[in-house]
1. Run C61 past the list (1) in contact (Cβ under 8 Å) with a residue 24 or more places away in the chain; (2) touching a helix residue (DSSP H, G or I) at 6+ places or on another chain (Cβ under 7 Å); (3) not in a helix (DSSP H, G or I) and report the number of the one that doesn't hold.
2. Specify the residue that is surrounded by the most Cβ atoms within 10 Å (Cβ to Cβ); the eligible residues are those in region 108-117 that are among the hydrophobic types (A, V, I, L, M, F, W, C) and assigned to a helix (DSSP H, G or I).
3. Of all residues being aliphatic (A, V, I, L, M) and assigned to a helix (DSSP H, G or I) in region 64-83, which is farthest from A148 (Cα to Cα)? Just the residue, please.
4. Could you figure out which of (1) assigned to a strand (DSSP E or B); (2) in contact (Cβ under 8 Å) with a residue 40 or more places away in the chain; (3) of a type in the set (D, E, K, R) isn't true of E51?
5. Failed condition for E140, given (1) surrounded by 15 or more Cβ atoms within 10 Å (Cβ to Cβ); (2) at pLDDT 95 or above, with all others met?
6. Could you go through region 98-107 and let me know if any residue there is in contact with a Lys or Arg (Cβ under 6 Å, 6 or more places away or on another chain), closer than 30 Å to L37 by Cα and part of a strand (DSSP E or B).
7. Taking the condition of being within 28 Å of V143 (Cα to Cα), part of a loop (DSSP other than H, G, I, E, B) and hydroxyl-bearing (S, T, Y), how many residues in region 10-48 meet it?
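The values are calculated or read from the model by the stated rules, or taken from the named source; none is laboratory data. Model, not experiment: these values are computed from the prediction. Positions of Cβ are generated from backbone atoms using ideal geometry, with glycine treated the same way; all protein chains shown enter the neighbour counts.
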Amino acid sequence: MPRIERSATITWEGNVARGAGHLTGDTGAFAGLPFSLPTRIGAAEGKTSPEELLAAAHGGCITMSLASELTQAGTPPGRLDVSTRIVMDEVEGQGHQIVASHVDFRVAADGLDDRALQTLLAKADEGCPFSQLLKRAGAEVHVSARLA
């Protein structure tokens, strides 16, 4: 696989408590996504957060990894429904840290049984760069899958 680089730009105005910012992907896939501290730690109010973007990134990465594993095993997915939840918490002496990511799959694939699914899920987790990054950073990564 070739080296991959992607970029985003961020604008922020004001202090952390009352300020607000916008995130824009350099590809143009998303632009002007609003975020702020109050919507990061409280009600989202239609705004995003770094944690939500990390959840999407981890979920997207491991989804492609599982699709690849299923295809290589001869049971390509018809559909993968995935939910990902990032957990940030206070860690003693370290401040707020990303402590966990939970990824749950519902898998529709002809000819696939649960035992094979669990084996392929473990391989997908090992092959997902975001899973590995989170684990090396000390976060727990929990993945689960069930047949649709």
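1. For C61, the exception is condition (3).
2. From region 108-117, those among the hydrophobic types (A, V, I, L, M, F, W, C) are 108-109, 112, 116-117; that's our starting set.
This time we only want the ones that are assigned to a helix (DSSP H, G or I), so: 116-117.
On the way: A116: 16, L117: 21.
The selected residue is L117.
3. In the first step, residues of region 64-83 are kept if they are aliphatic (A, V, I, L, M); the result is 64, 66-67, 70, 73, 80, 82.
If we keep only those that are assigned to a helix (DSSP H, G or I) too, we end up with 64, 66-67, 70.
Values: M64: 18, L66: 15, A67: 15, L70: 14 Å.
Looking at the filtered set, the residue picked out is M64.
4. Every condition holds for E51 apart from (1).
5. (1)
6. Within region 98-107, one or more residues are in contact with a Lys or Arg (Cβ under 6 Å, 6 or more places away or on another chain), closer than 30 Å to L37 by Cα and part of a strand (DSSP E or B).
7. 1
Rundown of residues vs (1) in contact (Cβ under 8 Å) with a residue 24 or more places away in the chain; (2) over 21 Å from A29 (Cβ atoms); (3) not assigned by TED's automatic domain parsing to the domain that holds E140, yes/no style:
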{"residue": "S68", "(1), (2), (3)": "yes, yes, no"}
{"residue": "D81", "(1), (2), (3)": "yes, yes, no"}
{"residue": "I86", "(1), (2), (3)": "yes, no, no"}
{"residue": "D89", "(1), (2), (3)": "no, yes, no"}
{"residue": "Q97", "(1), (2), (3)": "yes, yes, no"}
